[in-house]
1. Tell me, please, whether a residue that is more than 30 Å from GLN122 (Cβ to Cβ), buried (at least 16 other Cβ atoms within 10 Å of the Cβ), within 26 Å of the chain's Cα centre (by Cα) and of a type outside the set (A, V, I, L, M, F, W, C) can be found in region 173-188.
2. Would you confirm, using the coordinates I've provided, whether GLY460 is small (Gly, Ala, Ser), assigned to a strand (DSSP E or B), out of contact with any Lys or Arg (no Cβ under 8 Å at 6 or more places or on another chain) and not assigned by TED's automatic domain parsing to the domain that holds GLU578?
3. Could you tell me whether GLY285 is closer than 26 Å to GLU172 by Cα and surrounded by fewer than 19 Cβ atoms within 10 Å (Cβ to Cβ)?
4. Which residue pairs have Cβ atoms closer than 6 Å, lie 6 or more positions apart in sequence or on different chains, and pair a first residue in region 525-536 that is among the acidic types (Asp, Glu) with a second residue that is at pLDDT 95 or above and not in a strand (DSSP E or B)?
5. Look at ARG580 and say whether it is assigned by TED's automatic domain parsing to the domain that holds GLY704, charged (D, E, K, R) and part of a strand (DSSP E or B).
6. I'm trying to understand the selection: among the residues of region 610-623, which are in contact (Cβ under 8 Å) with a residue 24 or more places away in the chain and either part of a strand (DSSP E or B) or buried (at least 24 other Cβ atoms within 10 Å of the Cβ) (or both)?
7. Condition test on PHE707, is it over 23 Å from VAL501 (Cβ atoms) and buried (at least 20 other Cβ atoms within 10 Å of the Cβ)?
8. Quick one: which of ALA222, ALA190, ALA203 is part of a loop (DSSP other than H, G, I, E, B), on the phi < 0 side of the Ramachandran plot and touching a strand residue (DSSP E or B) at 6+ places or on another chain (Cβ under 7 Å)?
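The values are calculated or read from the model by the stated rules, or taken from the named source; none is laboratory data. From a predicted model like this one, the values you see are computed outputs, not experimental measurements. Every residue, glycine as well, gets a Cβ built from its backbone with ideal geometry; the counts of neighbours run over all protein chains shown.
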Amino acid sequence: MPWSAPAPGHRRLSRFTTGRRTLRAGAIATAVAAMLCAYIVVVVTRADAAETLLSQGKPTTASSTENAGTPASNATDGNTGTRWSSAFSDPQWIQVDLGATQSITRVALNWEAAYASAYQIQTSGNGSTWTTIYSTTTSTGGIQSLTVTGSGRYVRVNTTARATQYGVSLWEFQVYGGSTPTGCGTTNAALGKAATASSTENAGTPAASAFDGNTGTRWSSAAGDPQWIQVDLGTTQSICGVTLNWETAYATAFQLQTSTNGSTWTNIYSTTTGTGGVQELTVTGSGRYVRLNGTARATQWGYSLWEFQVRVTGAPPTTNDTPSSSPSQPSQSPSQSPSQPGTSVLLSYKKPAVASTSQNDSNCNPCTPDKAFDNDPASRWATSPTNGWVDPGWIYVDLGATAQIKQVVLQWDPAYAVSYQIQTSADAVNWTPIYTTTTGKGFRETLTVNGTGRYVRMYGTQRSNGYGYSLWEFKVYGTGGNPVQPPAFPADPVFPATNLVWADEFNTGTNVDTSKWTVDPGTGQNGEIQYYTNLENTSIQGGSLVIEARKQTLGGRDYTSGRINTSNKFSTQYGRVEARIKVPKGNGLWPAFWMMGTDFLTGRPWPYNGEIDIMEILGKNTNEVYSTLHAPAYNGGGGYGQKISTVDLSLDYHVYSTEWDSKHMTFRVDNQIILVANKDTVETTRGPWVYDHQFYLILNLAVGGDFPGPIDATTPFPSRMYVDYVRVYK
């Protein structure tokens, strides 16, 4: 069945598109950016070294900014959750004023996904005449630590070629002066080396992920002390430096140890006051094996490292262009979804709500108080833009009877409260605070409280930005009250799931089985240039579905292709969803296997319905595959996803799959993990998890578009996407 509204396709509609308040774009961009690595304020320090961070908090300017939420100052604030981003053109620059002439020894760049492939590091004594002290045309983004020699009051990154169609963007731009440890190299001696650990949280967080040079993958341990992770350098080396890039589950107490045989260990660094983040540690020791031994955790979860890098004496002072995935890549969770203490139940579902003001207009329709208590993570309450973008702002729920309150869960929109109270009342007039904070961080906050009352209120006294207050969800747990039981989720599958509930093997007939599939003709989105036909570009050949892209004028377009989906024929909530596919190669081709929430079919707009991209491949580089999630708070170019490099996927069939339950999704190509998305991490770092409902399946082959780029004279037509089968297991 054709969709009732233009389908978003496998969308790169625009960066930070939310399908809602366009006036809020700056604030949304700022909040959505908070997803790289540790999600906490980090100041990089070097123990026992004379090197000094010179740039933090200093005046910073740029050639342009994408919007008000991404100013130049964000790149020098020491916070890896804020960033500078430029306009979408070349060249661009960002510069910092150190206040006085300084000797520059190192520059550290922490790129967002929109990085520069060509740029120069430049210094100046007056801010107008520049000297280049570093230059590259082959940058790969990620975290780059550049050893340089120069002096100046001003230091500039001058970009001349962007890696994407967007601008350029830096989470952090750090300038160091002073001396680095004599003879200590900058190359990561542990990159790609054999690694082991005391334990792993799950199959998606192996020890090897801490040594793969990818800040979008990580090792995480079981939740217990002690835990360790070690790397085999292959030969005995003189160890002079270690860099630890912690996930939020970091160690407060740990030791760095070396060994020549992997069994007898010598401490070369020890702390009981670790603060997580990115730690660059100068050490002295030797050994073939280097181990981090964690003895005290900062959280109730395990230990988790994005990267564990080792530097050795004698290594040449080279650039560490560590490959990194985009910040839309996952932080795999150290925790599960909020648990309710004791016999507590959800008290607030479908209960009457009142707020200081609310929004109900074309930008947020409706964003009334009841939306915070409907158990729908894609609807929300917001204060009125007319008279509600002020302090204080509040919302309360009537539990129906007196209750003992044990826990409150707030899922904030980017318009969150920095300072607020949770209050209870017997009469909705006299209020008693049971929780107070002046350091609210937004996203999902799970609060352990103890109070009694019929009414529970969030009372905000300081907003995070110039807008109002907004909550996707406000959940109250405890005992008593007059609770309404929310609809139960289906049982989680046990993986590997083996109960086949739906399949198409494409081994009968000559074209698509319309009892299983809906043909979806029409034009595409995202700048695509094809027209999707009604079965003319699909066929069954040799036991495979063939979707063929052709150079053919039809429907006002010069190219045609095919798109089918299972809308109104089949949908699923949870399970293993997989397809065996052979993709075409060629500039501008864009094959995809993905899912959309079924509520899209009944009028809920994208991305509120949720979208699960199991596989997207760009024909210009068939050695890479993308898996991505899209929701109101993260979508388009800011979706929550990952790409990996692998074999040339156009040469043969490969199995693309997701294993999906109420707590996570694991995406794979064959047996290689692309992405592990945990509900807890998504909610605490990006926004609501909108995937606990029915989704239908989609297959299509797009031509051109914002994401794959244009076709050219080398693009082969016809081009074919082959699908051997599609299967769903529970």
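1. no
2. Yes: the conditions hold for GLY460.
3. Spelling it out, it is not the case that GLY285 is closer than 26 Å to GLU172 by Cα and surrounded by fewer than 19 Cβ atoms within 10 Å (Cβ to Cβ).
4. Close Cβ pairs (under 6 Å, with a partner that is at pLDDT 95 or above and not in a strand (DSSP E or B)) amount to GLU528/GLY704.
5. So ARG580 fits the description; yes.
6. GLY610, GLU611, ILE612, ASP613, ILE614, MET615, GLU616, ILE617, LEU618, GLY619, THR622, ASN623
7. Here the answer is yes, as PHE707 does meet what is asked.
8. Matching residue, one of ALA222, ALA190, ALA203: ALA190.
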